[in-house]
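Have a look at the structure below before the remarks.
Every number here is computed from the coordinates shown, using simple stated rules; none is lab data. Everything numeric here is computed off the predicted structure, so don't read it as measured data. Positions of Cβ are generated from backbone atoms using ideal geometry, with glycine treated the same way; all protein chains shown enter the neighbour counts.
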Amino acid sequence: MNFEYSEEQKMIQQAAKDFAERELLHDVIERDEKAIFPTEGIKKLVELGFLGMMTDPKWGGGGMDTISYVLAMEEISKVDSSVAVVMSVCNSLVIWGLETYGNDAQKEKYLRPLATGQKIGAFLLSEPEAGSDATSQRTTAEDKGDHYLINGTKNWITNANSASTYIVIAQTYPDKKHKGINAIIVDKNTPGITLGPHEKKMGMRSSDTHSVMFNDVKVPKENRIGEDGFGFTFAMKTLDGGRIGIASQALGIASGAFERAVKYSKERKAFGTEISNHQAIAFKLADMAVKIENGRNLCLKAAWLKDQHLPYGLASAMAKQYCADMAMEVTTEAVQVHGGYGYVAEYHVERLMREAKLTQIYEGTSEVQKIVISRTILKD
Amino acid sequence: MSILVFAENWDGKFKKQTFELISYAHALSKSMNTTVSAISIGKVDDEELNKLGTYGASKVLNVTDCRLYTLDNKTFTMAIAQAAAKENSKIIVFAQNNTGKAIAPRVSIRLKAGLASGVIGLPTSYEPFTIVKKTYTSKALANVIVKSDVKIITLSQNAYGIVENPTTANIEHFSPEIADTDIKTTVIEVNKITGKILLNDAEIVVSGGRGMKGPENWGGIEELAQILGAATACSRPVSDEGWRTHEEHTGQTGKIIAPNLYFAFGISGAIQHLGGISSSKCIVAVNKDPDAPIFEAADYGIVGDALKVIPELIAAIKELKAN
Amino acid sequence: MKILVCISNVPDTTTKIKFLNNNTTFDSAGVQWIINPWDELALTRAIELKEAHAGAVSEITVVNVGLPTTEPTIRKALAIGADKAIRVNLDPKDAYTVALQLSEIIKKDSFDIILCGIESSDYNGTSVGGMLSELLDFPSVSAVSFIDIEGDQLKLKREIDGGQEIIGISTPFIGIVQKGIAKDARIPNMRGIMMAKTKPLQVVEPVSADLYTDFVSFDYPKAKASCKKVDPDNVKELVNLLHNEAKVI
C-alpha cells in the first residue's frame, strides 16, 4: 500500500487547480446565472490536454492514469462542474469506449480528433422513457444493408450542441431486447438530426444539455462499435468508468464547498470569536472532512483497480453513490456554515449545492448504484 | 575611509530616496567616525548637487560623461567601483529600487564585497557587522552578518527617513575610465510619463481593488490622489482585468511600496497584496466586508462601500485644505 | 540561440512563514514549493520566444542550485517546456554562492540569452542576476518587462520610474526580468508532464565558495496595532485622525 501520489500525479493535480482558478473562477457565477457555455474555458482545457488525458499517446492522448484523472476532476469540479462534466463525458464515456472497443479505422477517424481535443463528443443513451434503465431503448437503428437508419429521441444529452461526434445507443433487433442494441458513431451534422431547446436546469447551468431527435438518420454500417448487438454491454462497461468521473466530480463539489466553509469560518466572527471556534461549526467541519476523505478514498480505489486492469464496476458504483450523496450533504452544510452569505451567489456554495444534486441523478441515480452494488454483493 | 552613496537623479533632480540614503549614510558615518561621499551620474546642476550637503554628504563626485546619461549596468558599475576605490569606501549605499537592484550586485562582485539588500535600518552591531533585511517578501526579517571588508547595502524605501545634517558638500568633477567598447546596451527610445507622481516615490498612494466594481469608477480615486498630491495604484485583479495598467499593480509580484499613507479602497487584502504595501507608515482601508484581511494590516478602517466613502472623503479633505 | 533560465525553488506565495531552532531555520513542514514566480515568467517568455522564432531559438535549459528535494520544481519547468535541466547539488546560503555556481555552469557551455527573475520570494536578494553578469563580465539589463528577438539583436523594454526604455543589445547577455515579461506563467499540459519524465536532468557538484554574508537568524515583523474603525457616516472623523493623530495629511 502506498498513499503517496507520484510526482506526475501531483503536477497534474496542480495544473488542474491552476487552470480552474485562473481560467474558470472569474466568470463561473455569471456563466451559471446566464447559462453561458464555457467556450473559452473548454478551449484552455483542450490546450492543456485534459480532454483525452487517459488516451494512449499513439492516438494523441496524454497517457495518464485514472488516479491522475480523479485528481484533475476533483480540482476542476471544486470551481466549475459545468466544465468538469465536459471533461468527464469526453474522457470516460466517449473516448474510453472508442479506444477500448473501436477498430483502428474508427480510432483514426474519430478517436484521434477527440483525444487531441479538436472535437468534443457526446454519449447518447438516456431517453424520455429510459434513463438509468438502459435496457428499454426506444430509439431504433434499422439495418438497411450498407447503413443504419436511426429514428427516435434522446434526452438530457450533455454536450449535445458543442459535440461533433455522437455515440448513439439504439435498438436494432427489438425482439432480442438488450442483446439487440448497438452503439453507433454518428457525426452530429448528419441530415435528420435536430436539437431540442437548451434545458433550463437547476445547476450546471453553463453546460449545454438538449434532447436530440433522429429522423431517418443514415449512418454507414462501419460506424457500429464492436459486433452486432454489442451495444448494451458497451454502454454498461462505459458507464462503469463514467462513474469514476462523476464520483470525482461530486468529490470536487464537496471539497470545494468544504474549503470555502473552512476559510469562511476562520474569517467570520460571531459572539466575539471566529465561528470556527464554536463547536457547532467546528464539528460540522470535522464531519465534512471525514466524509470527503472517505469519498476520495473510494474514488482512488476504483481508479486504482481500473489502472491495474482489475474489475472495478462495484468500486466505481460505490464511489459514485457515496460521493454523490455525500456531496449533497456536505454542500448543504457548507451553505449552513456560511449562514445568509451561503444563500447568495457571491459565496459560491449555493451553486455548488445545486451542482451536487445532479451528481445523484445523472449517469445512474444513487438508487441505481445501490442496485448495482446490492446485486454484486448478493451474487453467489 | 568613507561611506559612498549612489545619488540617483530623475530628470536632473535627486529623488526623495536619494536624500534618505544620504541621511542614513550620515548616521553610519558618525558611528564609524568617517565621512559621506556621494557619486552622482548624469546631468545635475550645482544647486541640486549642493542639496546633498544638506543631508550630510561632505563630498560629491560629479560624473557628467554623456555616455552615462542612460543607465548601463556595466559602466555604471565601473564608475561606482572606481569612485569607491578613490574614496577608500568601506560601505557603499544604494536604494533598493530598480537602479539599485541593477548595479549594487555587480559592484559587489567587482569589489569582492558582501551585499545586504532590502535593509531596513542601521546595523544592530558593527563587530561583527550585522544588519536587518526583509525576507520572504516582508513576511519575515533576517539578521545578516556581512563578513567582507567592503560592504554594500541597499536600503528599503522609507526605512530610515530623511534627516537634515547640514554639511558643506565639496563638489568635485569625476571622470571614470570607461572605454566606448564597455558600453553594450543602446537605449533606443524612452517613454516617460511626466507630470505624474511616481508610485515608488509618492508620499501618499491611493489604491483601488475589485470592490471599485469597474474602471468607470476610478474618477474618485484620481480626484482624491490629485488633491492629496498622491500617486494611484491598484490590486492585482484590477490590473489583470485591464481596469488599470500593470504599472499600478502593487503587491508581492508587482510594485513593492512604502509610502507614508496608503489608501486601500475595495481591496480585500490578499496576503500577496499585503506583501507589497505592509511597509507603509499608515494604512487606511475601506471595505464592505468587515472580515476582509486588509483590516488586519490597516491602521484606520471604515467598513462601508468605497464608492460612497470616496466622495465624502474628497469633500472632507477639501474642507481641511481650505482651512 | 540557446537560452538559459535560472530558476529558484521557493515556498508558495501564500505560505505562512515560520522558523525553527531559535529562529535560525525556515520551517518547511507542510510547505508547498514552487518555481520562483519571476523565474517562472522568465521561463514562460523563453518558451514563447522559442515558439515564435522556431529557427532562432534552438534550446531552453533551466538551471537550479539546490538539493535533490528541488527536483519536483525542476521537473515542472521541464513540463512547462524547458528542453533540459541542470541542478547544482548545493543548499544555497546566499546570493553570491548561487551566482558563483551558475557562472561555472555558463562558462562550461555557451548560452546566448540568460534570464533570471529580478528577485526570489524567499530571500528577496535581488542580486543573483547582477552578480552573475559581473562574474561573467556579460552585459546585463535589469527590470526587463519585454524581450524579443530582432535578427541577431534583442529588443528589450526596461521599466524605469514613470515609464520604460526600449533597449537594443547583442548576445550573450543577462536579462533580469520582472512582472510583465509574460502575461501568466504557463500551466503544464498533459503532453508536457508526460515528456518531462524523459527529459535530461543533469546533476553537477558545486565548486567551493567563500560566503560574504551569513544569515544568522530571522525575526517576525512587529505586529501592527489593531485597526481603528471609523463609522462610515463620519468620514470627517477619519480625516481628523489622519491629520491630527497620524499626521500624514
Mark the label point 7 Å from the Cα of A:Lys269 along Cα→Cβ and return the residues of segment C:218-249 whose backbone N is within less than 18 Å of it.
-> C:223-232
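Can you tell me the length gained on complete extension of the stretch B:Asn9 to B:Gln226, counting 0.36 nm per residue apart and subtracting the Cα distance?
Details: separation 217, 0.36 × 217 = 78.12 nm, distance 2.39 nm.
Extending this stretch completely gives an extra 75.7 nm.
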Integer Hz, Karplus 6.51/-1.76/1.60 couplings in order for segment B:231-243, x for Gly and Pro | 9, 9, 8, 8, 8, 4, x, 5, 6, 5, 6, x, 5
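Filter B:Lys196/C:Lys222; A:Lys43/A:Lys119; A:Lys154/A:Lys237; A:Lys78/A:Lys357; A:Lys17/A:Lys237 down to the pairs with a C-alpha to C-alpha distance above 22 Å, please. Each step should come with its number before you reach the end.
Numbers: B:Lys196/C:Lys222 33 Å; A:Lys43/A:Lys119 11 Å; A:Lys154/A:Lys237 20 Å; A:Lys78/A:Lys357 15 Å; A:Lys17/A:Lys237 29 Å.
In this structure, B:Lys196/C:Lys222; A:Lys17/A:Lys237 lie more than 22 Å apart at Cα.
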Kirkwood-Stokes translational diffusion coefficient of segment B:2-182, alpha-carbon pairs, 37 °C, 0.692 mPa s, µm²/s | 205 µm²/s
Loop sites in segment A:36-94: chymotrypsin sites (Phe, Trp or Tyr not before Pro), DSSP, at most 14 other Cβ within 10 Å | none
Distance between Cα centroids, segment C:55-74 to segment B:207-244: provide it in whole Å.
-> 39 Å
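How high is the relative contact order of segment C:85-135? Use alpha-carbon pairs under 8 Å, at least six apart in sequence, and give a whole percent.
It rounds to 43 percent for segment C:85-135.
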On each of the three principal axes the extent of the alpha-carbon atoms of segment A:1-150, given in whole Å and largest first, is 51, 39, 32
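Would you mind checking B:Lys13/C:Lys50; A:Lys291/C:Lys197; B:Lys86/C:Lys157; B:Lys101/C:Lys76; B:Lys139/B:Lys213 for any pair whose Cα atoms are more than 32 angstrom apart?
Numbers: B:Lys13/C:Lys50 42 Å; A:Lys291/C:Lys197 35 Å; B:Lys86/C:Lys157 34 Å; B:Lys101/C:Lys76 28 Å; B:Lys139/B:Lys213 29 Å.
Those over the limit are B:Lys13/C:Lys50; A:Lys291/C:Lys197; B:Lys86/C:Lys157.
Hey, what did segment A:7-115 get for relative contact order, percent, Cα under 8 Å, at least 6 apart? Display every interim value, and only then the final one.
On the way: 110 pairs, mean separation 34.1, N = 109.
The normalised contact order for segment A:7-115 reaches 31 percent.
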FRET efficiency estimate (nearest 0.05) - Cβ-Cβ, B:Ala179 to B:Ala315, R0 56 angstrom = 0.40
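To one decimal place, what Kirkwood hydrodynamic radius in Å is obtained for segment A:233-378 from all pairs of distinct Cα atoms?
Numbers: mean 1/r = 0.0634 Å⁻¹.
Across segment A:233-378, the inverse of the average 1/r is 15.8 Å.
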In sequence order, calculated HN-Hα J values of segment B:253-258 (Karplus, 6.51, -1.76, 1.60; Hz; x Gly/Pro) | 9, x, 7, 9, 10, 8
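Send over the per residue convex hull volume for the protein assembly as shown, Cα only, as a whole number of Å³.
On the way: hull volume 173.2 nm³, N = 952.
In the protein assembly as shown, the Cα hull volume divided by residue count equals 182 Å³.
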Taking every pair of alpha-carbon atoms in segment A:80-191, what share in percent sits in each 5 Å bin, from 0 to the bin with the longest distance?
-> 2, 12, 21, 24, 21, 14, 5, 1, 0, 0
One finds, for C:Asp233 and B:Asp289 with R0 = 22 angstrom and r their Cβ-Cβ distance, a FRET efficiency to the nearest 0.05 of 0.75
Geometric extent, Cα atoms of chain A - Rg, Dmax (angstrom) | 20.7, 78
GNM on chain C, C-alpha springs below 10 Å: top fluctuator among C:Ile181, C:Ile160, C:Ile74?
-> C:Ile160
Under a GNM of chain A (C-alpha, springs under 10 Å), which listed residue has the highest mean-square fluctuation: A:Val46, A:Val28, A:Val290?
-> A:Val290
Kindly provide log₁₀ I(q)/I(0) values, in the same order as q = 0.12, 0.13 Å⁻¹, from the Debye equation applied to equal alpha-carbon scatterers of segment B:102-156.
-> -0.25, -0.29
Helix B:16-32 vs. chain B, principal-axis angle (Cα, 0 to 90°, nearest 10) | 50 degrees
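Counting only other chains, and only Cβ atoms inside 10 Å, what mean value do you get across the residues of C:139-148?
Values: counts 8, 10, 6, 10, 6, 0, 2, 0, 0, 0.
What the average comes to for C:139-148 is 4.
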Inter-site label distance for C:Asp148 and B:Lys147 at 7 Å from Cα along Cβ, in nm | 4.7 nm
Where nothing but the Cβ of Lys and Arg (+1) and of Asp and Glu (-1) is charged, how large is the charge dipole of segment A:233-378 around its Cα centre, in debye to the nearest 20?
-> 160 debye
Which value, in Å to one decimal place, does the Kirkwood hydrodynamic radius take for segment C:178-231 when every pair of different Cα atoms is included?
-> 18.6 Å
Starting from the Cα gyration tensor of segment B:203-250, take the square roots of the eigenvalues, sort them a ≥ b ≥ c, and report rounded, prolate or oblate (rounded when a/c is under 1.5, otherwise prolate if a/b is larger than b/c, else oblate).
-> oblate
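Just tell me how shielded A:54-67 is by partners: mean number of partner chain Cβ atoms within 10 Å of each residue's Cβ, no decimals.
2
Only helical DSSP H runs with n ≥ 4 go in: add -39500 (n - 2.57) per run for the protein assembly as shown, normalise by residue count and round the 222 nm mean residue ellipticity to 500 deg cm²/dmol. Could the numbers behind the result be given before it?
Numbers: 27 runs with 336 residues, N = 952.
For the protein assembly as shown, the value works out to -11000 deg cm²/dmol.
Using Cα-Cα distances under 8 Å and only pairs 6 or more residues apart, what relative contact order does chain C have, in percent?
Details: 462 pairs, mean separation 59.2, N = 249.
So the answer I get is 24 percent.
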Residues B:Asn323 and C:Asn22, FRET efficiency given R0 of 45 Å [Cβ-Cβ distance, rounded to 0.05] | 0.25
Between B:Ile162 and B:Arg67, with labels modelled 7 Å along Cα→Cβ, what's the label distance in nm to one decimal, could you check?
-> 3.4 nm
Calculate the mean, over all residues of peptide A:38-49, of how many other protein chain Cβ atoms lie within 10 angstrom of the residue's Cβ.
-> 2
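How big is the convex hull of the Cα atoms of chain B, per residue, in Å³? Walk me through the numbers on the way to the answer.
Numbers: hull volume 46.8 nm³, N = 323.
In chain B, the Cα convex hull volume per residue is 145 Å³.
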DSSP loop (so not H, G, I, E, B), at most 11 other Cβ within 10 Å: list which trypsin sites (Lys or Arg not before Pro) in segment A:334-380 pass both filters.
-> A:Lys379
